[in-house]
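Asks: Structure incoming, see below.
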Amino acid sequence: MAADPWHGTTILAVRRGGEVVVAGDGQVSLGQTVIKGTARKLRRLAPGGAEVVVGFAGSTADAFALLERLEKKLEAAPGQLQRACVELAKDWRTDKFLRNLEAMLIVTDGAEIYVVTGAGDVLAPEHDVAAIGSGGMFALAAARGLMEGDLSAEAIARKAMAIAADICVYTNGNLTVERIGR
């Protein structure tokens, strides 16, 4: 019998008022057991001096392998986040080693937000909100509703993540928040 799958990530990105906030919860679960409640699932990259924030869901080792590749793509195409993400997605889908990696990424430079997947997807959100992970759809729905008010990007992200943590057993309220603006 196979081991229980790893669960327990919610990553949310919200763009409002010239800044993007990315929030990630801290829970990692194995089956129905919480393994860690304080994991950090956001990373700040600075290839060539340009700042990029990445949130990841899925296998941590796989995500770190993808982060290294993304950083190289960003160094090869400075200031071209979309191009770097597309090149990563192409490699991810076609490379014999990479296509077995199980993770998803939210990537932002403060101007653009992309969800990057191993299926070759590079998706920009239509409503300035993107989410991935076990509680991603709960956080996405909450954030979309909160976008109708006048809250800041960070306030929306924090409230939406709190709602997701109340609903999804694989999400906790132990947040890491990164802010990036253009």
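Asks: Name the residue, out of Val28, Val21, Val52, Val34, that is of a type in the set (A, V, I, L, M, F, W, C) and within 16 Å of Ala162 (Cβ to Cβ).
Replies: When all the criteria are applied, what remains is Val21.
Asks: Turning to a different aspect of this structure: Out of region 145-171, which residues are surrounded by fewer than 19 Cβ atoms within 10 Å (Cβ to Cβ) and touching a Ser or Thr at 6+ places or on another chain (Cβ under 9 Å)?
Replies: Once the filter is applied, which keeps residues that are surrounded by fewer than 19 Cβ atoms within 10 Å (Cβ to Cβ) and touching a Ser or Thr at 6+ places or on another chain (Cβ under 9 Å), region 145-171 yields only Val169.
Asks: Restricting attention to region 14-36, which residues are closer than 26 Å to Asp150 by Cβ and either of a type in the set (Ser, Thr, Tyr) or surrounded by 15 or more Cβ atoms within 10 Å (Cβ to Cβ) (or both)?
Replies: Taking region 14-36 first, the residues closer than 26 Å to Asp150 by Cβ are 14-25.
Listed by number, the residues that qualify are Val14, Arg15, Arg16, Glu19, Val20, Val21, Val22, Ala23, Gly24, Asp25.
Asks: Applying the selection to region 14-32, what residues are of a type in the set (Asp, Glu) and free of Cβ contacts under 8 Å to residues at least 40 places away in the same chain? Before the answer, list the steps.
Replies: First, pick out the residues of region 14-32 that are of a type in the set (Asp, Glu): 19, 25.
The answer is none; no residue qualifies.
Asks: Ok, one more. Which of the residues that make up region 90-126 are touching a helix residue (DSSP H, G or I) at 6+ places or on another chain (Cβ under 6 Å) and in a loop (DSSP other than H, G, I, E, B)?
Replies: Leu101, Glu102, Asp109, Glu112, Gly118, Gly120
Asks: Does Leu151 satisfy the condition of being more than 27 Å from Arg83 (Cβ to Cβ) and either charged (D, E, K, R) or outside any helix (DSSP H, G or I) (or both)?
Replies: In short, yes.
Asks: Name the residue that is farthest from Leu42 (Cα to Cα), counting only residues in region 127-138 that are in contact with a helix residue (DSSP H, G or I) (Cβ under 7 Å, 6 or more places away or on another chain) and either in contact (Cβ under 8 Å) with a residue 60 or more places away in the chain or surrounded by 16 or more Cβ atoms within 10 Å (Cβ to Cβ) (or both).
Replies: Here the answer is Phe138.
Results for (1) among the polar types (S, T, N, Q); (2) assigned to a strand (DSSP E or B), shown as yes or no for each residue.
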{"residue": "Val20", "(1), (2)": "no, yes"}
{"residue": "Ala23", "(1), (2)": "no, yes"}
{"residue": "Ser29", "(1), (2)": "yes, yes"}
{"residue": "Ile35", "(1), (2)": "no, yes"}
{"residue": "Ala39", "(1), (2)": "no, no"}
{"residue": "Arg44", "(1), (2)": "no, yes"}
{"residue": "Gly48", "(1), (2)": "no, no"}
{"residue": "Gly55", "(1), (2)": "no, yes"}
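Asks: Do we find a residue being modelled with pLDDT of 95 or more, farther than 24 Å from Leu98 by Cα, touching an Asp or Glu at 6+ places or on another chain (Cβ under 8 Å) and hydrophobic (A, V, I, L, M, F, W, C) anywhere in region 143-157?
Replies: Checked against the condition, which is being modelled with pLDDT of 95 or more, farther than 24 Å from Leu98 by Cα, touching an Asp or Glu at 6+ places or on another chain (Cβ under 8 Å) and hydrophobic (A, V, I, L, M, F, W, C), region 143-157 yields at least one hit.
Asks: Out of everything in region 37-87 that is of a type in the set (Lys, Arg), surrounded by 18 or more Cβ atoms within 10 Å (Cβ to Cβ) and in contact with a strand residue (DSSP E or B) (Cβ under 9 Å, 6 or more places away or on another chain), what residue ends up being farthest from Gly135 (Cα to Cα)?
Replies: So the residue we want is Arg43.
Asks: Before we move on, is Ala143 under 12 Å from the mean Cα position of the chain (by Cα) and in contact (Cβ under 8 Å) with a residue 12 or more places away in the chain?
Replies: no
Asks: Taking the condition of being acidic (Asp, Glu) and either over 19 Å from the mean Cα position of the chain (by Cα) or buried (at least 17 other Cβ atoms within 10 Å of the Cβ) (or both), how many residues in region 92-104 meet it?
Replies: 1
The values are calculated or read from the model by the stated rules, or taken from the named source; none is laboratory data. What you see is a predicted model; the values in this text were computed from it and never measured. Don't worry about glycine lacking a Cβ; one is built from the backbone with ideal geometry, like all the others, and counts go over all protein chains shown.
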